[in-house]
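Here is the structure we will look at.
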Amino acid sequence: MKQYCRVPIPDGLWSGMENNDDLTAEETQLGLKHIFRVGVAGQAMVTLTEGVLLVGLADALDAPLFLIGLLAAIPPLTQLVQIPSTYLIEKYRSRKKITLLAYTGTRVCLILVALVPLLFSPALALIFLLIFILFRGIFAGLGAAAWNSIVHDLVPRDKLGEFFSRRWTYSIAISIVLSLLAGFLLRGWSGWFPDRELQVYSIIFFLGFLAGTIGLYSMSKTPEVPMPPVQEKTKFLKVFKRPFKDPNFRRLIAFLGSWNFTLFLASPFFTIYLLRRLEFGMSFVITMTVLSQVVNLVFMRVWGNFSDRYSNKSVLGISGPLFLIAIILWTFTGTPGRYVLTIPLLIVIYILLGVAMSGVTLATGNISLKLAPKREGTSYLAVNNLVSSLAMGTGPILGGVISNLLAEQRLSFTFSWTGPLGDFGIEALSFQGIDFTFFVSFLIGLYSIHRLALVIEEGEVRKDVVFRQLMLEIKRPLLNFTKVGGFREIVEFPFSLIAEKREKNRQKRNE
């Protein structure tokens, strides 16, 4: 088994995963290890080329909020090409070839993005950045349906939580290291080459290309479960009608669509809110991101265990509301500008985001894999990705429109006191620009949680059961900490002195 694994991954990860009837146990284990590596390398690529760093590049090019929302919308909207991709899969029955060709295109586009700051003026750079991100997304969409179908056939359903939580744990660990390195490079570069601020992003995106190339190599080594022979020629539209005829999967699609809309309506603007509204630097943004990733890393294993022990729906029932709490807390961080509680609130927000996103990311991915019928994963997952992509694509665009339209508008709530000694007022809440986007996201998120309640998943339990178990998982390390190094004795020292003195006084009275 170890001859295939060049990265030190625990052997226990693969135990009980030799149950694929179409491949040998050795081929199944090999495939799982390469899927593992693809996920880790892919997260490294995403860390260096999307999210905070992509927004940082757009901000350095003075991009308007609408364009930043558009940049965030392009990757999910281009997932709509999974429709023709599914047709190609059904026609040619070779998912691996389609995957490799498509993802090679994404890596070429990354090289072109890395060249943008070197070759163009800021105005032209924004145009070409949009074009290359667009084509990268198209290639990624073409490959996603084929790759997800391969993964769906290889990973056993009863091990989804364990497998993907372990993979996500390694991925986040890599992401933390790379985020810190990128933050150090950005901070150092501004001091070393103050007149060449944009060029540092070329270096970072090139490193992302290298990480993506490693993932592409592991894709090429992943064995593919043969697709069953076509019994009869199926009409293209008929393939896409199947998931919508499944009532439970239809309810799942409604939830995931509304939830992804909520997520992408707000999350693309976290970074720009810190940079422009609260006037922090990129180093602070990356520090907060790393804090969230560390918490994400800690809780991923917890959510993975809960996912297998209870259900993905149970995990979402806890992690989803936590994310909504974090969203609404953003509106209190700048009332109307930075104040003494801004940084403490941001720390709380990013901790909540770390806890929530680890559960949300794991459970939303697993629940669609689990509820898609065996052998029909391609059409079910493609339809799910289609609806989610529409939601994720329209969310940032609407968020950018709301933020731009209401950039000069302000809604505030003030508590005031008038008395003989004078007037006193506290501004409790102040909405302006992006704050309205966060609030709308919160309201839609409440509706999404309602949609989740209608989904049926085997093994689901009440939310209060999962919450109690979560509290036990959090308390356990704290209780262990109190037993280490005499900590408990130190805390109890003044109280033990009082108790000892009382005991001596009681003995004297008895004498």
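Each peptide in 264-271, 215-222, 184-191 gets a packing score, the mean of other Cβ atoms within 10 Å over its residues, and the list from highest to lowest is 264-271, 215-222, 184-191. Residues whose amide H comes within less than 5 Å of that of Arg410, counting only those at least five positions distant or on another chain, are absent (H built at 1.01 Å from N in the peptide plane). Evaluated with a Cβ-only charge set (Lys, Arg +1; Asp, Glu -1), the range 30-169 carries a dipole of roughly 740 debye about its Cα centre, given to the nearest 20. Note on Tyr447 and Glu408: the extension gain reaches 11.2 nm, defined as 0.36 nm multiplied by sequence separation minus the Cα-Cα distance. Inter-label distance, Arg309 to Leu210: 4.1 nm, where each label sits 7 Å from its Cα along the C-beta direction. Between the listed residues Tyr273, Ile367, Val294, the Cα displaced farthest toward the positive end of the dipole of the range 247-390, a dipole computed from Cβ unit charges relative to the Cα centre, is found at Ile367. Label-to-label distance, Leu130 versus Glu90, with points set 7 angstrom from Cα along the beta-carbon direction: 3.4 nm.
Give Lys33/Lys97; Lys33/Lys96; Lys159/Lys245; Lys96/Lys370; Lys33/Lys370; Lys159/Lys313 a once-over and call out the pairs whose C-alpha atoms are over 25 Å from each other.
Working: Lys33/Lys97 19 Å; Lys33/Lys96 16 Å; Lys159/Lys245 27 Å; Lys96/Lys370 22 Å; Lys33/Lys370 20 Å; Lys159/Lys313 16 Å.
Violating the 25 Å Cα-Cα cut-off are Lys159/Lys245.
What does the C-alpha gyration tensor say about the overall shape of the range 338-394? Classify as rounded when a/c is under 1.5, otherwise prolate if a/b is larger than b/c, or oblate. Because a/c hits 1.5 or more and a/b fails to exceed b/c, the range 338-394 counts as oblate.
Net charge within 14 Å of Arg136 by Cβ-Cβ distance, Lys/Arg positive one each and Asp/Glu negative one each, not counting Arg136 itself?
Numbers: positive: Arg107; negative: Glu50.
Net charge around Arg136: 0.
Dimensions of the range 233-341 from C-alpha coordinates, computed as largest minus smallest value along each principal axis and given longest first, are 63, 33, 23 Å.
Computed from phi, the 3J(HN,Hα) profile of the range 122-136 under the Karplus parametrisation 6.51, -1.76, 1.60 (θ = phi - 60°) reads x, 5, 5, 4, 5, 5, 5, 4, 4, 5, 6, 5, 4, 5, 4 Hz, with x in place of Gly and Pro. Extension gain for the segment Leu115 to Ser190, taken as residue separation times 0.36 nm less the Cα-Cα distance, is 25.1 nm to one decimal.
Two decimals is fine: what's Rg over Rh for the range 33-117, C-alpha atoms, Kirkwood radius as Rh? All intermediate terms of the calculation are to be shown ahead of the outcome.
On the way: Rg = 15.5 Å, Rh = 15.0 Å.
Value, to two decimals: 1.03.
If you take all other residues with their beta carbon under 10 Å from the beta carbon of Leu88, and give Lys and Arg +1 and Asp and Glu -1, the sum is +3. Size of the range 84-190 from its Cα atoms: along the principal axes, largest to smallest, the extents are 49, 34, 16 Å.
With each label modelled as a point 7 angstrom along the Cα→C-beta vector, the Leu181-Asp62 pair spans 3.3 nm. With K and R counted +1 and D and E -1, the other residues having a Cβ less than 13 Å from that of Glu279 yield a net charge of +2.
Values quoted throughout were computed directly from the atomic coordinates according to the rules given, and no laboratory measurement underlies them. The shown structure was predicted, so the numbers you read here are calculated from the model rather than taken from an experiment. Cβ atoms come from the backbone with ideal geometry, glycine included; neighbour counts cover every protein chain shown.
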